[in-house]
Structures are given as C-alpha cells and as structure tokens.
Amino acid sequence: MHPDLLHFAPEVRQALDQGRAVVALESTIVAHGMPFPDNLATARAVEGVIREQGAVPATIAVMDGRVRIGLSDAELEALARAGSQALKLSRRDMAYAISQRRLGATTVASTMLCAHAAGIRVFVTGGIGGVHRGAEHSMDVSADLLELARTPVAVVCAGAKSILDLPLTLEVLETHGVPVLAVGQAEFPAFYSRSSGLKADFRLDTPHAIAAFLRAHWQLGLSSGVVVANPVPEADEIPAAVVEQWIHQALREAAEQGIRGKASTPFMLKRLAELSQGRSLATNIALVKHNAGVGARLAASLLQ
Ligand code: PSU
Ligand code: MN
C-alpha cells in the first residue's frame, strides 16, 4: 500500500515508532453490526480495555480519501452515527471509497489488509465472516476467509458467527492453510455460544504460547493470517439451541425479503437483536470486550 494512503492517528504513529503494542480494530462492527448508541459505547469500551492492558487501539476506517489507522473520539462518534450510511468496505470496495472520498467502514477482510500495511499484527473483532448456510447455492463465502488466506495478521475473535455454516467455514480455512487456534478449550467457539461441536486445530491457553505460535508461523515464511478463537465468557453466552431458533426465523425472513450479498450479515445481526430482545447484542458486546483483553495481551507478548 502506498504510504500516502495511510493516515495514522498521532498516538498510533508514536506507539509503532517506539515498538509498543498496538491492536487494530475494525469499523464495520460499529457502523453495520450494532445500533447507535450501543455501537459507540462499545467501540469506546473496547478501546478502553486495550488501553487498560497498556496497548494502543487503532480503529481502522476510510475517511477523506485515506485509510485511517486510529480514530479520534470525534471520528469514532461520526462513524457510529453514520451507521449504515457508511459504506461497508471489503477488499474490492476500498478503491471506490478512497477515490470518491466516501466514509467507509472496514470489514475483517479490509481491516486485515490495512493493519498489515500499517505494520500491525494483531487485530480484534467479534466474529469473522465465513461460509454462509446454503452457500452451495448462493456461493456466499465471506471475503474474510480469503483475506485470512493471504494476509499475515492474527485475528482475535469469538469464532465465526453461528448464522454461518461452521463446518464448511473450517473446511475453507483448512484448504487455505489458515490455522485456527482456540483459547482455553479444544472446541472452536460459535460466537454467541462457547461450544460448536467442532474442534479447533490447536488449543493454546496463554498469550505467550499464542505469540510463540505466531512467530513460528511467520518465521516459516507462511504468509497467511491466523484465527485466534476466544470463547465468549460463560456468564454471557447464549445456549446454541436458543440462538438457533432466532437464526432460523431471521434466515427465513432474509430469504423472503431477498436479502443477499453484503447486506446479509448486517440484516441477520439486526434481526437477531430484535428477536432476542437485545440478548444477542449484549452477548456480542461482551465477547468483543473479552477479545480486546486477549488481543492486547497477545500484542504485548509478540513484542517480547
Ligand atoms: N463481528 C461482529 N459484528 C460484525 C462483524 C463481525 O461482532 O458486524 C462484521 C465484520 O466486519 C465481518 C463482517 O467482516 O461482519 C462479515 O460480513 P460478510 O459476511 O458480508 O463478509
Ligand atoms: Mn458475503
């Protein structure tokens, strides 16, 4: 990426120059993943958790024709207020947002791309995109998976959202040589629930061990990303059988209304929050904060 395209927040620039821990954050979760004002409160709280651990948060978005690496509080608020007015930017949308100087929120895929360009190796989100249910017909496979295949950034998440086909999501990651680590358990977590019934590739319990894995992965010359799947805290999880009812209904409505492509995930998250009377949103907020703590400690461990 041409350096002129990158605009660093002063705090992030300084932290990177001084070799301090920096954690990248995405902005689609803010603009498209949660309603205002919960999105703003969550974005601030997540940045706060990262700071408490001694790391510097760098929320990534596109503004004024440049990629922002770190947002001021006013910029974060503008993004949260813009909501779905902001473009949802995956890799293919970046040039449009830059050249048309549009406000754009970056997904996991484009945040990885920008974090790597900025020299940031750890990125925290809620859940990665994956293979959608019914993908054998729709061919809807999130660009997040292909970005993980090609961009060397560790993505700390609570697994993949259970609105997806999780077995197929793990298959695609395997095909592309993307390791899936689970933190504190053997199973791959299912976002709202700790359990998916599927095994992650490896269980690693400490930031130290995960950092050693990442170092080895990248020293081997492997250029892919790594999924660091951190289960939602027990107190905040929703049993899979309960979530499944809401998912079924939301998927049925999405099909009836012809919701496709990039609109699918935001539609599903919004409907789940409504159908669960806010319970899915509360869990989503809790798991992102939890991931922020792990990500900040991982970023610090990677420096040692
Ligand atoms: N995690 C969340 N909420 C979100 C997302 C992740 O807790 O809104 C977003 C991420 O930006 C991810 C995107 O990249 O959902 C996946 O969209 P799609 O399925 O269209 O690739
Ligand atoms: Mn998609």
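Give me the pairs: first residue in region 150-166 and under 19 Å from ALA115 (Cα atoms), second residue among the basic types (Lys, Arg) and surrounded by 22 or more Cβ atoms within 10 Å (Cβ to Cβ), beta-carbon distance under 7 Å, and six or more apart or on different chains, which are they? These pairs meet every condition: VAL153/ARG121; ALA154/ARG121. Is it the case that region 152-170 has a residue that's open to solvent by 10 Å² or more (accessible area, probe 1.4 Å), among the basic types (Lys, Arg) and at pLDDT 95 or above? No: region 152-170 contains no residue that is open to solvent by 10 Å² or more (accessible area, probe 1.4 Å), among the basic types (Lys, Arg) and at pLDDT 95 or above.
For the residues ILE285, ILE238, ILE259, the requirement of being within 16 Å of ligand 2 (Cβ to nearest atom), at pLDDT 95 or above and not aromatic (Phe, Trp, Tyr) singles out ILE259.
Quick one: is SER193 touching a residue at least 40 places away in the same chain (Cβ under 8 Å), within 20 Å of the chain's Cα centre (by Cα) and open to solvent by 40 Å² or more (accessible area, probe 1.4 Å)? Considered against the rule, which asks whether it is touching a residue at least 40 places away in the same chain (Cβ under 8 Å), within 20 Å of the chain's Cα centre (by Cα) and open to solvent by 40 Å² or more (accessible area, probe 1.4 Å), SER193 comes out as no. Among the candidates ILE128, ILE98, ILE69, the residue that is under 17 Å from ARG13 (Cα atoms) and buried (at least 17 other Cβ atoms within 10 Å of the Cβ) is uniquely ILE69.
The one condition from (1) within 16 Å of ligand 1 (Cβ to nearest atom); (2) open to solvent by less than 80 Å² (accessible area, probe 1.4 Å); (3) on the phi < 0 side of the Ramachandran plot that ILE210 does not meet is (1).
ALA229 falls short on exactly one of the conditions (1) at pLDDT 95 or above; (2) farther than 25 Å from HIS116 by Cα; (3) of a type outside the set (Lys, Arg); (4) touching a strand residue (DSSP E or B) at 6+ places or on another chain (Cβ under 9 Å), and that condition is (2).
Determine whether ALA61 is in contact with a strand residue (DSSP E or B) (Cβ under 7 Å, 6 or more places away or on another chain), under 25 Å from SER142 (Cα atoms) and buried (at least 23 other Cβ atoms within 10 Å of the Cβ). In short, yes.
With ALA135, ALA160, ALA117 as the choices, which residue is within 16 Å of ligand 2 (Cβ to nearest atom) and more than 16 Å from the chain's Cα centre (by Cα)? Testing whether each residue is within 16 Å of ligand 2 (Cβ to nearest atom) and more than 16 Å from the chain's Cα centre (by Cα) leaves just ALA135. Between ALA255, ALA263, ALA282, the distinction of being in contact with a Gly (Cβ under 9 Å, 6 or more places away or on another chain), on the phi < 0 side of the Ramachandran plot, of a type in the set (A, V, I, L, M, F, W, C) and open to solvent by 30 Å² or more (accessible area, probe 1.4 Å) belongs to ALA255 only. Within region 252-267, can you find the residues that are under 21 Å from VAL108 (Cβ atoms) and either assigned to a helix (DSSP H, G or I) or away from ligand 1 (no atom under 16 Å from the Cβ) (or both)? Hits for region 252-267 are ALA254, GLY261, LYS262, ALA263, SER264, THR265, PRO266, PHE267.
The values are calculated or read from the model by the stated rules, or taken from the named source; none is laboratory data. The structure displayed is predicted, hence computed values, not measured ones. A quick note on method: Cβ atoms are made from the backbone with ideal geometry, for glycine too, and the neighbour counts reach across all protein chains shown. Just the protein is used for accessible areas: all its heavy atoms, side chains included, with ligands, DNA and RNA removed. Shrake-Rupley method; radii C 1.70, N 1.55, O 1.52, S 1.80 Å.
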